[in-house]
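Below is one structure, written out as structure tokens; comments come after it.
The values are calculated or read from the model by the stated rules, or taken from the named source; none is laboratory data. The shown structure was predicted, so the numbers you read here are calculated from the model rather than taken from an experiment. Every residue, glycine among them, receives a Cβ derived from its backbone with ideal geometry; neighbour counts consider all protein chains shown.
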Amino acid sequence: MTEPATRPPLVREFSAGGLVYRRHGDEYQVVLAARRHPESGVLLWTIPKGHLEPGESSETAAAREVREETGLEAEIEQKLGDVTYWYARRDEGGRPVRVFKRVRFFLMRKRAGRFEDRDAEMDAVRWFPLDKAEKVAAFESERELVRKARKLLEAGA
């Protein structure tokens, strides 16, 4: 008799990130960062984000991740929203693991810095007008955050 199938263990992960904006002329622009898709080579544009270090708040992690991935110093203005999703990976022993991930995003205003000062984690970083960012963001959940940022900024956030 065969054993019943078992589900891989569940791991919960929490990350934080920031949608950095600036006013450029009469329009708002936001920063997206991209990695190349391993098979297609296409750039996948996303909002900068990453894991929390031990003892770090989500706000501190978001500012650190933005600085590392974009080279920019940015100030948090408000919480933008949380995104949750599932994915699968293998643990150190090669066994499958299900991951439930929550990412807390903040709307952040650029204060200083240059893209040239970022680490090498991302393949590209650039400013996009809000309407273009809504189109190029790789995931619908992040496109929704760009739409929410547009409403907040146009209302005078």
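Here is a check on your reading of the model: is residue 134 closer than 21 Å to residue 36 by Cα, of a type in the set (D, E, K, R) and in a helix (DSSP H, G or I)? Steps first, please.
Values: closer than 21 Å to residue 36 by Cα: yes; of a type in the set (D, E, K, R): yes; in a helix (DSSP H, G or I): yes.
Here the answer is yes, as residue 134 does meet what is asked.
Restricting attention to segment 64-82, report how many residues are closer than 9 Å to residue 106 by Cα and of a type in the set (Gly, Ala, Ser).
Selection size over segment 64-82: 1.
Taking the condition of being exposed (fewer than 15 other Cβ atoms within 10 Å of the Cβ) and in contact (Cβ under 8 Å) with a residue 40 or more places away in the chain, how many residues in segment 63-89 meet it?
3
Out of (1) in contact with a Phe, Trp or Tyr (Cβ under 9 Å, 6 or more places away or on another chain); (2) modelled with pLDDT of 95 or more, what's the single condition that is false for residue 24?
Going through the list (1) in contact with a Phe, Trp or Tyr (Cβ under 9 Å, 6 or more places away or on another chain); (2) modelled with pLDDT of 95 or more, residue 24 breaks only (2).
What do you reckon, is residue 8 touching a Pro at 6+ places or on another chain (Cβ under 6 Å) and either surrounded by 11 or more Cβ atoms within 10 Å (Cβ to Cβ) or not in a strand (DSSP E or B) (or both)?
Answer is yes for this residue.
Considering segment 102-157 alone, what residues qualify as being of a type in the set (Val, Ile, Thr) and either out of contact with any Phe, Trp or Tyr (no Cβ under 6 Å at 6 or more places or on another chain) or without any contact (Cβ under 8 Å) to a residue 12 or more places away in the chain (or both)?
Start the filter on segment 102-157 by keeping residues that are of a type in the set (Val, Ile, Thr), which leaves 103, 125, 136, 146.
103, 146 - these are the residues of segment 102-157 that are of a type in the set (Val, Ile, Thr) and either out of contact with any Phe, Trp or Tyr (no Cβ under 6 Å at 6 or more places or on another chain) or without any contact (Cβ under 8 Å) to a residue 12 or more places away in the chain (or both).
Could you list, in sequence order, the residues of segment 90-129 that are surrounded by fewer than 11 Cβ atoms within 10 Å (Cβ to Cβ) and not hydrophobic (A, V, I, L, M, F, W, C)?
90, 92, 93, 94, 95, 114, 116, 119
Can you pull out the strands (runs of 3 or more DSSP E) entirely within segment 25-114 that have at least 1 residues that are of a type in the set (Asp, Glu)?
27-36, 72-90
Return yes when residue 54 is without any contact (Cβ under 8 Å) to a residue 24 or more places away in the chain and out of contact with any Leu (no Cβ under 6 Å at 6 or more places or on another chain) and no when it is not.
Answer is yes for this residue.
Step by step: first the residues of segment 74-118, then only those that are more than 14 Å from the chain's Cα centre (by Cα), over 15 Å from residue 10 (Cα atoms) and of a type in the set (Lys, Arg), then the one that is modelled with the lowest pLDDT. Which residue is that?
Among those that are more than 14 Å from the chain's Cα centre (by Cα), over 15 Å from residue 10 (Cα atoms) and of a type in the set (Lys, Arg), it is 118.
Look at residue 60 and say whether it is surrounded by 11 or more Cβ atoms within 10 Å (Cβ to Cβ), among the β-branched types (Val, Ile, Thr) and over 13 Å from the mean Cα position of the chain (by Cα).
The answer is yes for residue 60.
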